[in-house]
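Read through the structure below, which is laid out as structure tokens, and then see the notes.
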């Protein structure tokens, strides 16, 4: 079992992540007990230094370090002797820390907490807790859904090799503090929740582009699944956490019974210019994994989710001319169609009803637990969005994950063929398309325009820094859709 963190008490601690920061190279800051104003970097990469500086932190190197103390020192284990020559109240040490060094630091009054960083130093995907000796005793397997004690960590279909059984895996990041201080965001979140007992925590930093949010998972000490999740925006133009809170609030107001399938919000926590959401963690395992392992069971569960999505459309649909549908939520949803093609597609839906939408309903955002399910990550949703797309997106992904190809280029063509009616699975997809159209009150032509618009919007998910399309195969479907002879931008729906 992972070592329990010390009891979270009201101690002065805060974290150091700002909305300006656009690189995951700076995510090591989440492990520190206080927001740094000045950092001394020893044997750190230029990428990390630039990312930290972009976040408003004063960054120094030993050759250019001023006198006085630093908020924290970031160093490699090989340069620890040099790091101890500087005055600081916190250290982040990367690399294996020997037993001799641990003993020496403990004797000097340092409290040490160890983590296993999964992924490269500049783009880690997770920080997992380890015990006081620096050895990982247990590692989260899709952290809030269960644990594993086998060699290596699994993340989706990927396997991260540790080159040793988990019990022998040496932690590669150690945080030293003067006194038993938890990471600042852990302390603030626990205080917001009113939890004063000991907790265990870990970070999921994501594997995608830099706009993906940082997720902090909290659980009472000794519990093997998370009870709460804290989501902090890493950067970008949209405040995704605020958007998610607004959509979930609309869901609970307009369809309270259906809202039981979504996370229950616990409020917001501010953090160095960013505002994050705190939610109850949804139990279960990804529908995506179930589709890979037991396709028939996944299709049966997926049918339950799709039926729920159709009920959500019917329960929350309103006229686009209603006063509520002209508020900021409706305007935000329409802002995705700044290009001419998207605007033209949206114009076809000007008189169609609008409803609460998820915006990214796929097998990776559905959790299955003992015959039940939950739908997570509503940050791409809208309180007054375009119906039908959610159903079409989940149908596409569910069928693809259950019986489709694995290479993105093949997946894109497979999706186009699915909706062109060229696959055995097409009939199943069309049945749900018709059900969603009926629930929304749309004509078949309007529902077809909604699906085409959904794929078009996905192609517009771009990294604001590089301009490159981000996401998985779904961001590439629009081009194949447009060029397919039976689809195109004028697709009118399944052939009779």
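Listed values, structure above:
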{"quantity": "Rounded Å value of the spacing that divides the Cα centres of the range 338-381 and the range 438-456", "calculated": "12 Å"}
{"quantity": "Gain upon complete extension [residue 270, residue 46; 0.36 nm per residue less C-alpha separation]", "calculated": "77.8 nm"}
{"quantity": "Highest average packing first - 182-192, 91-101, Cβ atoms within 10 Å", "calculated": "182-192, 91-101"}
{"quantity": "Protection-proxy order for peptides 444-450, 306-312, each taking the mean of Cβ atoms within 10 Å per residue, highest first", "calculated": "444-450, 306-312"}
{"quantity": "Rg(Cα)/(2.2 N^0.38 Å) for the range 336-418, N = residue count", "calculated": "1.27"}
{"quantity": "Relative packing of 360-370, 400-410, 215-225, which averages over residues the other C-beta atoms within 10 Å, highest first", "calculated": "360-370, 215-225, 400-410"}
{"quantity": "Neighbour-count order for 321, 261, fewest beta carbons within 10 angstrom listed first", "calculated": "321, 261"}
{"quantity": "Directionally averaged projected area (convex hull, Cα atoms, the range 349-478), nm²", "calculated": "8.8 nm²"}
{"quantity": "Per residue Cα convex hull volume in Å³ - calculated over the range 24-88", "calculated": "87 Å³"}
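Taken together, the values in this text are just the output of simple stated rules run on the coordinates, not laboratory data. This is a predicted model, so every value here is computed, not measured. When we count neighbours, we look across all protein chains shown, and the Cβ atoms used for this are built from the backbone with ideal geometry, even at glycine.
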